[in-house]
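Asks: Structure provided below as structure tokens; questions to follow.
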Amino acid sequence: MKPWSACGVLAAVAVALVTAPPAVAHHAIQAEYEMSQTKGFTGVMTRFAMINPHCRWFFEETKPDGTKVAWEMSGAGPGALRAAGLVRIFQIGKPYDVTFAPAKNGANVGRVRTMKAPDGKIITLFHEDPTDPLNN
């Protein structure tokens with residue numbers, strides 16, 4: 001490679017590194033969600049996605065005036081749900097009462113805490129204190 005070619009390549013790489021947008025990564029749920037708050041809604045589950053690094057549940061809430069609100073809830077990873085036997089219990093098209101920690105940016109997303117299934121069973125998906133899984 002000619003010296004001027006190597007310099008050109010290095011200059012291009014340097015420019016790319018300096019001008020590239022920063023990578024967005026999260027390192028703690030506290031960075032994305034207001035973990036000290038709990039909100040809730042009742043909505044019909046429209047989709048359940050087991051996508052690393054977090055499972056996602058999608059809901060449509062119908063407000064009293066008939067307007068629809070789309071929600072996206074995040075939870076543990078697929079491996080944790082598989083280990084807990086929670087993979088096949090979610091029913092698309094059924095209503096769930098959902099409690100969650102809201103997103104810090106105000107978007108209709110949250111970190112799911114519990115879901116009350118159509119059969120009345122409470123599914124706890126986040127524990128405030130991991131040494132007290134029943135949140136007593």
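The values are calculated or read from the model by the stated rules, or taken from the named source; none is laboratory data. Because the structure is a prediction, the values reported are computed rather than measured. FYI the Cβ positions are ideal-geometry reconstructions off the backbone, even for glycines, and counts take in every protein chain you see.
Asks: Take Met50 and decide whether it is modelled with pLDDT of 95 or more and within 13 Å of the chain's Cα centre (by Cα). Give the steps one after another, and end with the answer.
Replies: On the way: modelled with pLDDT of 95 or more: no; within 13 Å of the chain's Cα centre (by Cα): yes.
So Met50 does not fit the description; no.
Asks: Also, I was wondering about something else. Can Leu81 be described as assigned to a loop (DSSP other than H, G, I, E, B) and among the hydrophobic types (A, V, I, L, M, F, W, C)?
Replies: no
Here is a yes/no grid of residues against (1) at negative phi; (2) modelled with pLDDT under 95; (3) touching a helix residue (DSSP H, G or I) at 6+ places or on another chain (Cβ under 8 Å); (4) exposed (fewer than 13 other Cβ atoms within 10 Å of the Cβ):
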position	(1), (2), (3), (4)
Phe58	yes, no, no, no
Asp65	yes, no, no, yes
Lys68	yes, no, no, yes
Ala76	yes, yes, no, no
Ala80	yes, yes, no, no
Gly85	no, yes, no, yes
Arg88	yes, yes, no, yes
Leu125	yes, yes, no, no
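Asks: Only residues that are surrounded by 15 or more Cβ atoms within 10 Å (Cβ to Cβ), in a loop (DSSP other than H, G, I, E, B) and of a type in the set (Val, Ile, Thr): list them for the range 90-117, please.
Replies: none
Asks: Restricting to the range 103-120, what's the tally of residues that are farther than 18 Å from Leu81 by Cβ and of a type in the set (Lys, Arg)?
Replies: Looking only at that region, the number is 1.
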